[in-house]
1. Taking the range 204-234 as the search range and keeping residues that are modelled with pLDDT of 60 or more, under 21 Å from VAL308 (Cβ atoms) and not β-branched (Val, Ile, Thr), which one is surrounded by the most Cβ atoms within 10 Å (Cβ to Cβ)?
2. Kindly list, by first and then second residue, each pair from a residue in the range 250-273 that is more than 24 Å from GLY134 (Cα to Cα) to a residue that is part of a loop (DSSP other than H, G, I, E, B) and charged (D, E, K, R), limited to pairs with Cβ atoms under 8 Å and residues at least 6 apart or on different chains.
3. Pick from LEU201, LEU190: which is modelled with pLDDT under 90 and surrounded by 15 or more Cβ atoms within 10 Å (Cβ to Cβ)?
4. Quick check on THR249: is it modelled with pLDDT under 70, in a loop (DSSP other than H, G, I, E, B), touching a Ser or Thr at 6+ places or on another chain (Cβ under 7 Å) and of a type in the set (Ser, Thr, Tyr)?
5. Run ILE120 past the list (1) within 24 Å of the chain's Cα centre (by Cα); (2) surrounded by 13 or more Cβ atoms within 10 Å (Cβ to Cβ); (3) within 21 Å of ALA64 (Cα to Cα); (4) modelled with pLDDT of 80 or more and report the number of the one that doesn't hold.
6. Out of the range 312-340, which residues are among the hydrophobic types (A, V, I, L, M, F, W, C) and either in contact with a helix residue (DSSP H, G or I) (Cβ under 8 Å, 6 or more places away or on another chain) or over 28 Å from VAL385 (Cβ atoms) (or both)?
7. Any chance the range 316-336 includes a residue that's outside any helix (DSSP H, G or I), out of contact with any Asp or Glu (no Cβ under 9 Å at 6 or more places or on another chain), at pLDDT below 85 and surrounded by fewer than 20 Cβ atoms within 10 Å (Cβ to Cβ)?
8. What about VAL309, is it part of a strand (DSSP E or B) and either more than 26 Å from ALA381 (Cα to Cα) or not acidic (Asp, Glu) (or both)?
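The values are calculated or read from the model by the stated rules, or taken from the named source; none is laboratory data. None of the values given here were measured: they were computed from a predicted structure. We place every Cβ from the backbone using ideal geometry, glycine too, and count neighbours over all the protein chains shown.
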Amino acid sequence: MRRRTFLQTCGAGALPATLLACGGGASDDPSAESPDPPAGDPLALPLLQETQLHFLGRFSLPEAGWSWGLGLAGQGQFLAVNATTRAIRLYDIPPIGGTATLAAEGATLPSWGAAVNGWIPGGSIRQAGRLFCGQFQMYDEADTPWLFQTMADTFTGAWTPGQRPAAQAGLPLRGLVGSFGLIPAAYRSLFAGHDLFACNLAGKSIISNSTWGPSFMAFPSSAAAAGGTVPVLRLMSYDSGGLEGDTLTAGKLLPEVSTIAGAGIVPGTRTLIVFGMEPGSTCYGIGSACQDGCSEDQGYHGHPYRAVVYAFDLRDLVRVRDGQLAPNALRPYGSQPGGVMGSPIGWRLEGVTDCWSTYNKSGFFDPDTRRIYMTHRDHDAPVWVWQVG
């Protein structure tokens with residue numbers, strides 16, 4: 001079992017100069033750092049450490065097909081969307097080892113128009129008396145960057161028309177709705193007062209249509225009833241420039257076979273965690289040709305997979321906000337090169353087998369309990385749970 005403490009990854013002289021910057025985004029120049037914030041500022045809080053991640057176990061869902069679009073609902077509950085019917089449901093979170101119970105059945109998500117190759121449910125969240133749901137469109141003829149649609153917190157009402165993020169230079173066009181998250185109240189001043197964020201799905205079949213790594217866009221839940229466009233604060237995304245050999249260029253964070261399932265700001269720290277699947281290889285074809293005994297699907301394979309966390313310093317996101325750092329220059333602190341195609345090696349989430357998948361798409365972080373929830377490869381398997389701190 002591989003374990004690296006924060007001191008091992010960020011201590012002076014502990015690793016060679018190729019180590020990615022600890023808490024400093026793409027730069028290891030101390031002069032590039034912002035001044036230390038005053039006491040009481042969330043940016044004065046400590047960074048999360050790898051040793052604070054603990055596997056708790058898993059729980060089951062009572063029905064097949066309902067582990068897409070997992071989302072935070074609060075009060076010991078979570079949202080899920082059916083991959084086939086595209087309806088939403090509310091479940092009570094059971095004890096570890098138990099089975100979730102159905103709390104409410106919701107209406108079916110309508111399609112967002114010109115999806116040439118179909119669409120699947122994206123993220124979901126419950127906030128400010130409304131349900132927010134996104135859709136991930138494989139291809140959209142108009143390159144429309146949809147963000148969400150909503151309905152009142154009744155589970156039986158009508159969904160609003162899809163809403164778009166306000167125009168912003170360099171905004172990734174697709175795959176924006178892999179997960180939604182809640183920005184804790186103590187951190188909202190860092191994000192223009194916004195209370196929600198969207199983190200995209202990386203690892204889609206044609207990743208250059210979206211972003212070569214996670215995205216982070218803060219937005220207000222109050223925009224749900226306004227229609228039209230939604231104000232957003234984009235602080236993380238990665239361009240689709242060309243690869244040079246086996247080395248990841250400055251504009252990329254993850255290879256095609258990685259998957260981002262969710263993200264969250266960890267209370268009591270100045271850390272944004274992004275979690276998902278990290279590959280042990282990269283191959284395009286059918287499973288047997290790619291030595292993947294877990295799936296025969298045609299597409300990208302990265303067997304063996306592992307569940308990981310990438311931890312980002314919120315000070316770096318603030319540097320992006322202030323125009324001091326590019327959104328594609330952020331790198332997780334405390335990680336080092338050595339992954340597939342030169343990507344960073346994330347902190348390992350213990351407790352899972354290597355038969356996870358590039359196409360895992362669902363998870364969320366609960367800031368109240370500081371727990372990560374993430375689905376297994378087939379979306380009919382259990383929900384896996386980790387404690388943060």
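1. Pass one, the range 204-234, residues modelled with pLDDT of 60 or more: 210-234.
Filter once more, keeping what is under 21 Å from VAL308 (Cβ atoms): 210-216.
From what is left, the residues that are not β-branched (Val, Ile, Thr) are 210, 212-216.
On the way: SER210: 24, TRP212: 26, GLY213: 31, PRO214: 29, SER215: 27, PHE216: 24.
If we take residues in the range 204-234 being modelled with pLDDT of 60 or more, under 21 Å from VAL308 (Cβ atoms) and not β-branched (Val, Ile, Thr), then GLY213 is surrounded by the most Cβ atoms within 10 Å (Cβ to Cβ).
2. So the pair list comes out as GLY251/ASP239; LYS252/ASP239; PRO267/ARG370.
3. Working: LEU190 fails: modelled with pLDDT under 90.
On inspection, the qualifying residue turns out to be LEU201.
4. Details: modelled with pLDDT under 70: yes; in a loop (DSSP other than H, G, I, E, B): yes; touching a Ser or Thr at 6+ places or on another chain (Cβ under 7 Å): no; of a type in the set (Ser, Thr, Tyr): yes.
In short, no.
5. With respect to (1) within 24 Å of the chain's Cα centre (by Cα); (2) surrounded by 13 or more Cβ atoms within 10 Å (Cβ to Cβ); (3) within 21 Å of ALA64 (Cα to Cα); (4) modelled with pLDDT of 80 or more, ILE120 is out only on (4).
6. Within the range 312-340, the subset among the hydrophobic types (A, V, I, L, M, F, W, C) is 312, 314, 317-318, 320, 325-326, 329-330, 340.
Result: LEU314, LEU317, VAL318, VAL320, LEU325, ALA326, ALA329, LEU330.
7. Yes, there is a match, as at least one residue in the range 316-336 is outside any helix (DSSP H, G or I), out of contact with any Asp or Glu (no Cβ under 9 Å at 6 or more places or on another chain), at pLDDT below 85 and surrounded by fewer than 20 Cβ atoms within 10 Å (Cβ to Cβ).
8. On the way: part of a strand (DSSP E or B): yes; either more than 26 Å from ALA381 (Cα to Cα) or not acidic (Asp, Glu) (or both): yes.
So VAL309 fits the description; yes.
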